[in-house]
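J.: This structure is in structure tokens; I'll ask about it shortly.
The values are calculated or read from the model by the stated rules, or taken from the named source; none is laboratory data. Please read all numbers here as calculations on a predicted model, not as lab measurements. No Cβ is skipped: glycine too gets one built from the backbone with ideal geometry, and neighbour counts run over all protein chains shown. Only protein heavy atoms, including side chains, enter the accessible area calculation; ligands, DNA and RNA are left aside. Shrake-Rupley method; radii C 1.70, N 1.55, O 1.52, S 1.80 Å.
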Amino acid sequence: MKALAARRHHPMALLVILLLALVATGGLYAAFQPRVAQAETYTQEDIAEGEALFLANCASCHGRNAEGQMDPDGQTTGPSLIGVGAAAVDFQVGTGRMPMQRSGAQAARKPPQMNEEQTRQLAAYVASLGPGPAVPVAEYLDAEAGDPVNGGEIFRINCAMCHNAAGAGGALTRGKYAPPVLGLEPKHVYEAMETGPQNMPVFNDNNLTPEDKRDVIAYLDQLEEVGSPGGISLGSLGPVTEGLYAWTIILTLLTGCAVWLGAKAK
């Protein structure tokens, strides 16, 4: 004990304590950090093929090195893709949003212009440029393993104000819109939450865990399966369409009655 007490005042004691504290902090961080739902590992061949696809289809807007590009007026023609990750590419290209058909307020969903292998190779190239969200593993895409009750609560709190409580989408400002979220592949739903495309905020693993995202997928799957419990959905756009239909029917009936009464009076 006397020997230990004597060493407490050794010049190296403070350094040893700091090193032990750093090791303990790093261990705790590693133990409690969110799990990364990563599915893919890519080869150099994947990256090389993806680079060729990028130069042929994407470089005109995003730059030859994916650093982004601006037109002579200073407007961005394509943002930088460094650090966006494989998930962003898989979502944008897999849903046909990229390559864009024409410039506009936002990229519209359309049939994909690249097949699954080409999409994978392009994602591999972009992932090699910098760390970013990866394509999710199948474990977190299984709707049957999710909790639709928790997913519904998460969706109503975080998503319904733009995508509508029924997932039918809705209008935003300046020609932008929140697209419908029913009938999508679970992978694309997960990737949209993970990467925040267009006007959507990012829900990374610090906001929503992989299990939470799977619960949202389960809720959307159940929502699509159940359909509209009230009968005709009228587009699921709420009181606007309901009011339009009601007034159209009522005004038609009133006009018909007025015409009938006027004809009878003659």
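J.: Please check which bits of segment 90-108 a label hung off SER60 would reach, taking the label as a point 7 Å along Cα-to-C-beta and the cut-off as backbone N under 16 Å.
T.: Answer for segment 90-108: 98-104.
J.: For the full complex of protein chains and a 1.4 angstrom probe, list MET114, MET70 by accessible area with the highest value first.
T.: Result of the area sort, largest leading: MET70, MET114.
J.: Now, a different point. Can you give me the long-range amide H partners of GLY78? Hydrogens built in the peptide plane at 1.01 Å from N, cutoff under 5 Å, separation of 5 or more residues or another chain.
T.: GLN69
J.: Work out the length of the dipole vector of segment 102-237 about its Cα centre, built from +1 on the beta-carbon of each Lys and Arg and -1 on the beta-carbon of each Asp and Glu, and round it to the nearest 20 debye.
T.: Roughly 940 debye for segment 102-237.
J.: Collect residues whose amide H, placed 1.01 Å from N in the peptide plane, falls under 5 Å from the amide H of GLY170; neighbours closer than 5 in sequence don't count.
T.: Distant-sequence amide H within range of GLY170: ALA178.
J.: Hey, another quick one. Leaving ligands, DNA and RNA out of it, report the carbon-plus-sulfur percent of the accessible area of segment 71-161 at a 1.4 Å probe.
T.: 51 percent
J.: Right, another one. With every protein chain kept in place and ligands, DNA and RNA left out, what is the accessible area per residue of segment 67-178? Probe 1.4 Å, answer in Å².
T.: Values: 6040 Å² over 112 residues.
Result: 54 Å² per residue.
J.: Length gain on complete extension for the stretch GLN118 to ALA171, per 0.36 nm per residue less the alpha carbon to alpha carbon distance? Let's see the in-between values first.
T.: Working: separation 53, 0.36 × 53 = 19.08 nm, distance 3.24 nm.
This chain segment gains 15.8 nm when fully extended.
J.: Note the full-extension length gain between ALA263 and ALA145 as 0.36 nm times their separation in residues minus their Cα-Cα distance, in nm to one decimal.
T.: This chain segment gains 35.9 nm when fully extended.
J.: Could you sort the peptides 202-212, 167-177 by per-residue average Cβ neighbour count (10 Å cutoff), highest mean leading?
T.: With the highest mean Cβ count within 10 Å placed first, the list reads 202-212, 167-177.
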